[in-house]
Amino acid sequence: MKLVSVQLFVGSLLMLSDPTAPKCITEDGLNKLIEEFQTRYLDKKVSVNVPDTRTCMQAAEEMQGAENNRSVSPWRYRLDEDVNRIPSKIAFAECICQGCIIDKRENMSYNSRSVDAWLRIYRKTGKCSENKYKVRKDFIKVPVGCTCVVPNYTK
């Protein structure tokens, strides 16, 4: 019986500590977080052509270069900026076509859908004092590409 009560006690302690609760960090700590993200993500650059106004028909004709241009569900990148988020700039993928490119034409028998990934970020939620900031860990869903799927038919 003691083993069960110990497990419940540990489990209830885990529920009480909220890893997403805001924490106060110094400006140096904030800069360290920014540097960590830059080190981790800057070598994984994507080309964000602003504005990328290609139509599906244009994407179907080109089909060369980077993976996002050669896919049967091509996508473009949009730069999402939030000064209160670390990292402050994230490339979001947007599907160019509603259907999928088959034989160099958009085929509406299929659907282009975004592929999402969860990204850990930090949010600045205010100041604790003159040189300290409230920062909260968070996760956001980021569209990273597009894929071609069979439509979801309902019965």
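The values are calculated or read from the model by the stated rules, or taken from the named source; none is laboratory data. Not measured: the values here are computed from a predicted model. When we count neighbours, we look across all protein chains shown, and the Cβ atoms used for this are built from the backbone with ideal geometry, even at glycine. Just the protein is used for accessible areas: all its heavy atoms, side chains included, with ligands, DNA and RNA removed. Shrake-Rupley method; radii C 1.70, N 1.55, O 1.52, S 1.80 Å.
By the rule of a C-alpha distance below 20 Å, with chain neighbours fewer than 8 residues away ignored, the aspartates and glutamates paired with LYS124 are ASP18, GLU27, ASP28, GLU35, GLU36, ASP80, GLU81, ASP82, ASP138.
Accessible surface calculations at 1.4 Å, restricted to protein heavy atoms, place the stretch 47-146 at 60 Å² per residue.
Computed over the stretch 43-126, the P(r) curve from all C-alpha pair distances, binned at 5 Å from the origin, holds 3, 14, 21, 21, 15, 11, 8, 5, 2, 1, 0 percent per bin.
Taking GluC sites (Glu not before Pro) across the stretch 64-155, the ones in a DSSP loop with at most 15 further Cβ atoms lying within 10 angstrom of their Cβ are GLU130. The fraction of accessible area contributed by carbon and sulfur in the stretch 98-155 is 47 percent, rounded to a whole number (1.4 Å probe; ligands and nucleic acids excluded).
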